[in-house]
Amino acid sequence: IYYYPDERPGALDAARMAERAYARLSRILHHQFQSRKPIILYASQSDFQQTNVVDASGEGLGGVTEFFKHRAVLPFTGSYAEFEHVLQHEMVHQFQYDVFSRGRPGAGVQTLVTVNPPLWFMEGMAEYLSLGPINPETAMWLRDAALEGHLPSIEEMTADPYIFPYRYGHALWAYIGEKWGDEVIGEILQSSATSGLEAAFKRATGRTLEDLSNDWRDAIQTTFLPQLGDHYRARRIAQPTLTQRRSRGRIFLAPALTPDGKTIAFFGDEGGFFVDLWLADVETGRVERRLVKSTQNNNYESLRFINSAGAFSPDGRYFAIAAKRKDRDDLVILDVERGREERRIHVGLNGLQTPQWSPDGQQLVFTGFSNGFTDLFIINRDGTGLRRLTHDKYADLHPSWSPDGKTIAFVTESGGETDFNLLRFGNLRVALLHLDTGNTELLRNMEIGKNINPVWAPDGRSLAFVSDRTGIANVFLYDLVDDQIYQLTNMFTGVQGITPLSPVLSWAPVADRMSFVYYEDGQYSVYSLENPRSLRRAPYRGPATMPVVTLLQSEQRDSAAAAPPLVPIPAINTVGGGSAAGLPSSTLPARPGAAASIYRSSGGFRPSARPQAAESSAAPPAVSVRALLDSATLALPDTNEFTFRPYKVRFTADYIARPMVGYARDNFGRGVFGGTAIALSDILGNHSLVLAGSINGRISEAQFLGLYANQSHRLNWAGGFSQEPLYFYGGSDWRRIDNQNTPAPGDSLDVYSTRIRRFVIRDLFAESSYPFSRFNRIELGMHAVNISEATLALETSYEPNTGAFVDQQFIQGGGPSATFVQPSIAHVHDNTLFGYVGPFAGARSRLSVSPAFGSWQFTAGLIDYRRYIFFRPFTIAVRGFMFGRFGRDADRFPVFLGSTELIRGYTSGSFRNHECLANPRSPSPTGCAELDQLIGSKIAVGNVELRFPLTRTLVLGFLPVGFPPIEGALFYDIGMAWDDASTVKWSRSPSESPLLVRTPLRSWRGSIRANVFGFVILRLDYTKPLSRPWQHSYWTISLGPTF
């Protein structure tokens, strides 16, 4: 367990949970670790998003396990029960990776690629083994999918990246465990590593994946569809407020009504890819304006929209939210009327959620994260007077201030079964914190289900809250006068946000209007109802325990109804015609044409349908996921057994490129070739070491890289040494010389020479990067460079009269050597969002300057600006790019413009002789003047693309997986290369040389891009070069993301 010192109390509990989880999972999966697995803990989501182990910047990422070192990385969530769920979920991934790698972290890549386990397999298994049987959240998804007709098959879950795999995968594994026993899960996992998924499921269950898929879908539909008559949709009792039809978006979260109930603030996507803060009219659902743009905004990198909500001040003018900026969460007060930020309060905690106003509008209460635990805090609206209200290990969530200002309702897991010594956690309950005494009062009748999100009635005499005590998340009312609970709604799917802990309720005190989130048709909508207390009926009297969802009830019911009558089995006649001793008459289901088999056992003879009592009773009981999750004391260690060590940097391999070596001879020499690379890092990813080397022909031209990088602080830096050979075409020519090998005077030879200029660059460097925010940083560098130049010439001799080959020689000539020092400085901005093949929204830019001092003197400059304008489903991508070297030695390093990364339609291999206007015997660098115009020490490029999706998902019948979406594009490129000796013009007359007079080159046409199984991005460009009249449109193939 790796943790920061302030997190020690939480880390101790996490270590005990991990040992217990290991005992549970090793039993169910029949697998033992051969080495320890690292678990890295962070105090909050903000700290977690700064980890160097993996990219954890996504808002919805609750934890992650990486494959190469089997590191599980996760933050404390504020609720121990939810944290243990995430911890055990990630440990399931550690078991999966350990099986695929045969206990050797970093190995098994080929196995993982071959098996290619889909997300429903990996994530669904992790959910089932950490949550147990189908819970209310998964059941909500299943009911909705069955009702709306979009319940996916296994094939669809495998191929369609838009199908969320967690809930459906959870349900599938729960069905498998219920039908064939939970121990079959380990059997399938182990077998899949050697024989693949289809064979593993067939061997364990006797069913193909297609048959299993049909059985599972039938079980869901027959289980949930009959329940439709007992429940109703939200539209029966409430009016739609924010739905896709009324408000364009697909996600509407954390509704917050103004006190007069006329306006509602919410987190939503508005049909885009980003969740921002919006304001809408309650009556019409029309979105009026955006209050805050997140994701690409330095001040609002995250709005914590999954587990947090905002609130209006009592006068309705101000709105308070939690927002991430740089490395922390701030309490932000927005002036809604003026549409600007009124105040940003730095609370000095690891994180915060769900701020709520006091009735007088002078204070706010919120859930704060401190060293991994959540507590309630109060702060004045001007940022002074921060005061902690609770200080314990319990979850303290969803605070709500009473109308009289004397009490704060909140959610906690205190009381009941919660025992931190045994790490047993009770359900979440609604409690009252009395501010005058500081005492906490647990409300009655909260022993069942998850009870969250309390909101006060306008008169302060009752509380509305959300509870899944019936197996479905519904709105309930707690009457503080008679201490009774009343069920207000009876939904078919559920009143829930993205997670079971997401805030979903808002109650406007002046208008007596309530809004809530309702899950329907795979989307989160908001409904509103007037006078919600009018739905109150008799006090709720429910079961004493939570209902358990089973998908086999319908199968068992159908089997019982279809069972044939029982018939007696006569005694079996044995030797001599007597009766078999000890074999009583029995009964079996009568199956026409079925023969009865008799087996000998220790208790005598028995029919095949009767189990062997003695042997059956002697067998160990089957392992059950539900029982293991309920076993709080299983392998629970004491903290005295732990060993504590300070963290030390120890390098271990991230990956090793397969070494190879060989011998080859080519026209330019002979020698060995081969190479390898190794990347190492410490367990936190703060320190990295890379060593790589390769040889291709000659030792003097070997490539080498040695690099050390330090990311342990905000200032990241790296240093190292590299050697790299670069080759440039040095031109070709022919000459006639005297033949020295014959005595006859006048004999000559035609000699054709092809030259290559070789530069060996040795670079001792240091680089650093300092981020101002998530999207902006400055980079500084220093390079000490030595460059040695040589000319490699291949001279081929021919008889001038017959053209017969005479001889071939390889000549290596020396050249100058230069040493210089080159500092650099660059400013980088990047808030782009990437799709499957490249960026689709945001902007990125780089401005850099790097002068060189020493033997060579020049200054290199770069300006690169890219903008991506997204309007569903299209993206307009624009790039302006200029790079050049200026000064005395600027022309020593020419740059080629015709790369498909710069301007398409001018690749060097596409030029033919009829396009080359220059005399081949002229001093042209390439022998082709049209190609020469693409070479220079300076280049400028402009690109415009209209990008659009061609396919949503492409499934090929002969492949077990599908392609991600394929993108198409129309593009227009323009660019130019020049040097100090060139004349730059917009157009060139036919008499002017392309080598001396440079003009912009243009091209256009279309492109197709595809992400091939997540391994490589393939680009097919069909280009018409407008500045090459003799060249028709042609195809090129490129690899890598779009610009």
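Which one of these is in contact (Cβ under 8 Å) with a residue 12 or more places away in the chain, assigned by TED's automatic domain parsing to the domain that holds Glu123 and surrounded by 19 or more Cβ atoms within 10 Å (Cβ to Cβ): Leu189, Leu242?
Numbers: Leu242 fails: assigned by TED's automatic domain parsing to the domain that holds Glu123.
Going through Leu189, Leu242 in turn, the sole match is Leu189.
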Exercise for review: Would you check if there is a residue in segment 851-874 being modelled with pLDDT of 95 or more, among the polar types (S, T, N, Q) and in a strand (DSSP E or B)?
Suggested key: yes
Review point. How about segment 753-808: which of its residues are among the small types (Gly, Ala, Ser), outside any strand (DSSP E or B) and modelled with pLDDT of 85 or more?
Key: Ser773
Study note, to complete from the structure: Within segment 214-241, restricting to residues that are part of a helix (DSSP H, G or I) and among the polar types (S, T, N, Q), the one that is modelled with the lowest pLDDT is Gln227
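Let's see how each residue does on (1) surrounded by fewer than 17 Cβ atoms within 10 Å (Cβ to Cβ); (2) in contact with a Pro (Cβ under 7 Å, 6 or more places away or on another chain); (3) at pLDDT 95 or above; (4) at negative phi:
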site: Leu432; (1), (2), (3), (4): no, no, yes, yes
site: Gly438; (1), (2), (3), (4): yes, no, no, no
site: Leu443; (1), (2), (3), (4): no, no, yes, yes
site: Ile448; (1), (2), (3), (4): no, no, no, yes
site: Ala464; (1), (2), (3), (4): no, yes, yes, yes
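Within the group Gly730, Gly706, Gly720, which residue is touching a residue at least 60 places away in the same chain (Cβ under 8 Å), within 30 Å of Val895 (Cα to Cα) and part of a strand (DSSP E or B)?
Details: Gly706 fails: touching a residue at least 60 places away in the same chain (Cβ under 8 Å); Gly720 fails: touching a residue at least 60 places away in the same chain (Cβ under 8 Å).
When all the criteria are applied, what remains is Gly730.
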Exercise for review: With the checklist (1) in contact with a Leu (Cβ under 6 Å, 6 or more places away or on another chain); (2) buried (at least 22 other Cβ atoms within 10 Å of the Cβ); (3) modelled with pLDDT of 95 or more in hand, flag the one item Ser400 doesn't pass.
Suggested key: (1)
Revision key, fill the gap. Expected single match for at pLDDT 90 or above and not β-branched (Val, Ile, Thr) among Leu1026, Leu950, Leu954, Leu931 is Leu1026
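Output yes when any residue across segment 161-173 is within 23 Å of the chain's Cα centre (by Cα), touching a residue at least 60 places away in the same chain (Cβ under 8 Å), crowded, with 23+ Cβ neighbours inside 10 Å and within 20 Å of Ala193 (Cα to Cα), and no when none is.
Within segment 161-173 (the criterion being within 23 Å of the chain's Cα centre (by Cα), touching a residue at least 60 places away in the same chain (Cβ under 8 Å), crowded, with 23+ Cβ neighbours inside 10 Å and within 20 Å of Ala193 (Cα to Cα)), the answer is no, since none of the residues qualifies.
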Exercise for review: Answer yes if at least one residue in segment 800-823 is loosely packed, with under 14 Cβ neighbours inside 10 Å and acidic (Asp, Glu), and no otherwise.
Suggested key: yes
Revision key, fill the gap. Scanning segment 70-125 for residues that are more than 28 Å from Thr138 (Cα to Cα) and not in a helix (DSSP H, G or I), the one modelled with the lowest pLDDT turns out to be Gly106
Check your understanding: Gly339 is checked against (1) crowded, with 16+ Cβ neighbours inside 10 Å; (2) within 22 Å of Ala280 (Cβ to Cβ) and fails just one. What number does that condition carry?
Key -> (1)
Point to revise | Pairs with Cβ under 8 Å, 6+ apart, first in segment 642-666 and in the same structural domain as Pro9 (by TED's automatic domain parsing) and modelled with pLDDT of 95 or more, second surrounded by 10 or more Cβ atoms within 10 Å (Cβ to Cβ) and assigned to a strand (DSSP E or B) | key: none
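Can you name the residue in segment 305-326 that is under 14 Å from Glu59 (Cα atoms) and part of a loop (DSSP other than H, G, I, E, B) and is also modelled with the highest pLDDT among such residues? Before you say what the answer is, go through the steps one by one.
Initial filter on segment 305-326 (under 14 Å from Glu59 (Cα atoms)): 305-308, 322-325.
If we keep only those that are part of a loop (DSSP other than H, G, I, E, B) as well, we get 305-308.
Numbers: Phe305: 92, Ile306: 92, Asn307: 92, Ser308: 95.
The selected residue is Ser308.
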Review point. Would segment 694-702 turn up any residue that is modelled with pLDDT of 95 or more and of a type in the set (S, T, N, Q)?
Key: no
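The values are calculated or read from the model by the stated rules, or taken from the named source; none is laboratory data. Keep in mind it's a predicted model, so treat the numbers as computed, not measured. Virtual Cβ from ideal backbone geometry, glycine too; neighbours counted across all protein chains shown.
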